[in-house]
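What follows is a short report on a single structure.
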Amino acid sequence: MNVPFLDLKTPHGRLKKALLDAIEPALLNAQFIGGENVSGFESEFAAFCESPHAIAVNSGTDALRFAFLAAGIKPGDVVITVPNTFIATTEAISQVGAEIAFTDTDKKNHQMDPVRLEQTVLKLKQENRPVRAVVPVHLFGHCADMDPIFEIAKKHDLLVIEDACQAHGAVYKGGKKAGAMAAVGCYSFYPGKNLGACGEGGAVVTSDADMDRIVRMLRDHGQSKKYIHEIEGYNGRLDAIQAAILRIKLKHLGEWNAARRKNAKLYDQLFEGVKGVTVVKEPSWSASVYHLYVIKVAHRDEVMKKLSDKGVATALHYPIPLHLQDAYKGLGYKKGDFPVSEKQAEEILSLPMFPELTEEQIRYVVASVKEAIA
Ligand SMILES: Cc1ncc(COP(=O)(O)O)c(C=O)c1O
């Protein structure tokens, strides 16, 4: 049996007519930038996130960059995040001129560790570094533990900006959605995300009307009206065809997330009591949307190879923590600085996870993992 890591073709086949019908008017009316599909998607995505404002942008990376700028992060400010995220989180920090500071993850959930966060803040303050903001990443589609993070942020006067690029629809403690807890949250619609465009896309979600206005200007060359540039901005708009596609797909996001949760539950059951496999489970505070289903095994690279030989596609999110990447040599971090993230990077293995995964495929993946670790 062949089990792909992700299947984007099946949902597109199923939604073919609706997607083509949605794209056709944009083509025939030559409405490619802005317009009804972009504003419609923004209202619908804001409603999905239960947040007052959503601004559609060109990517999750742009969403982060614009959110940092709109929040007033300035060159020289220090912004704290985790080392086990995708590099876009930290690229956006550097690209607004701020400095990246890392804080380690917690052993069990792989999310930002609030205890370590406070230690990091205190250490940076002792060094007289201007700490301004913290960026929790809702990794794998699980929520980071936001209550203690907000408490620390309040105590030390830090802004909180959520990276919810992997967590569209995850719910924290039965209340707010990932990305809609802080004043500003960022999403990616990269094709493989739980809500994916047929190209690039992203959104900023905010409860703050000023932030909404600034992000709208930033994504559109700083314009408040045509050719009235209040500030210098970027070319960071979501195009109308992607918005039309996302409007169709958004209608299915709830059922797709539910299917991911069902698949995760079956994986969890089948891995229960299997020696040598640790599942990165849904944290107690999170109703997760399983962008990824991640386990930990010893001799991970060998296991990955054996699974590939059995036709099971797997992936690593992420194999090298950011503080050890060449791109960040200049930050002065070294191996051993974030031991939890480093150990996790050696053991993690992302298994196939998508809504259409069948019970038979899941059983085959689990049987193959058991065989590979035997
Ligand atoms: C955690 C995280 N942050 C940011 C991004 C950046 O999103 P994009 O690829 O849409 O720029 C991604 C996705 O790729 C991500 O997984």
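The values are calculated or read from the model by the stated rules, or taken from the named source; none is laboratory data. Only a predicted model underlies this, so the values are computations on that prediction, with no experimental measurement involved. Cβ sites come from the backbone with ideal geometry, for glycine too, and all protein chains shown count toward neighbours. Surface areas here come from the heavy atoms of the whole protein model, side chains and all, with no ligands, DNA or RNA. Shrake-Rupley method; radii C 1.70, N 1.55, O 1.52, S 1.80 Å.
Brief remarks on what is shown
- Scope the stretch 323-345; condition in a loop (DSSP other than H, G, I, E, B) and surrounded by 21 or more Cβ atoms within 10 Å (Cβ to Cβ); matching residues: PHE338
- The single residue among ILE320, ILE348, ILE362, ILE295 that is surrounded by fewer than 16 Cβ atoms within 10 Å (Cβ to Cβ) and not assigned by TED's automatic domain parsing to the domain that holds ILE87 turns out to be ILE320.
- The strands (runs of 3 or more DSSP E) found wholly in the stretch 13-114 and carrying at least 3 residues that are at pLDDT 95 or above and either aromatic (Phe, Trp, Tyr) or farther than 20 Å from LEU158 by Cβ (or both) occupy 53-57.
- Selection within the stretch 307-317 - assigned to a helix (DSSP H, G or I) and either in contact with a His (Cβ under 6 Å, 6 or more places away or on another chain) or crowded, with 18+ Cβ neighbours inside 10 Å (or both): LEU307
- Condition check for ILE93: open to solvent by less than 10 Å² (accessible area, probe 1.4 Å), within 12 Å of the ligand (Cβ to nearest atom) and either of a type in the set (Asp, Glu) or touching a strand residue (DSSP E or B) at 6+ places or on another chain (Cβ under 6 Å) (or both): yes
- Leading residue by the ranking (surrounded by the fewest Cβ atoms within 10 Å (Cβ to Cβ)) among those in the stretch 139-195 that are within 11 Å of the ligand (Cβ to nearest atom) and part of a helix (DSSP H, G or I): PHE140
- Qualifying residue in the stretch 55-72 (condition: open to solvent by 60 Å² or more (accessible area, probe 1.4 Å), touching a residue at least 12 places away in the same chain (Cβ under 8 Å) and more than 16 Å from the ligand (Cβ to nearest atom)): no
- Flag for ILE245 being of a type in the set (Val, Ile, Thr) and within 16 Å of the ligand (Cβ to nearest atom): yes
- Among all residues of the stretch 96-119, there is at least one that is aromatic (Phe, Trp, Tyr) and either away from the ligand (no atom under 13 Å from the Cβ) or touching a Leu at 6+ places or on another chain (Cβ under 8 Å) (or both).
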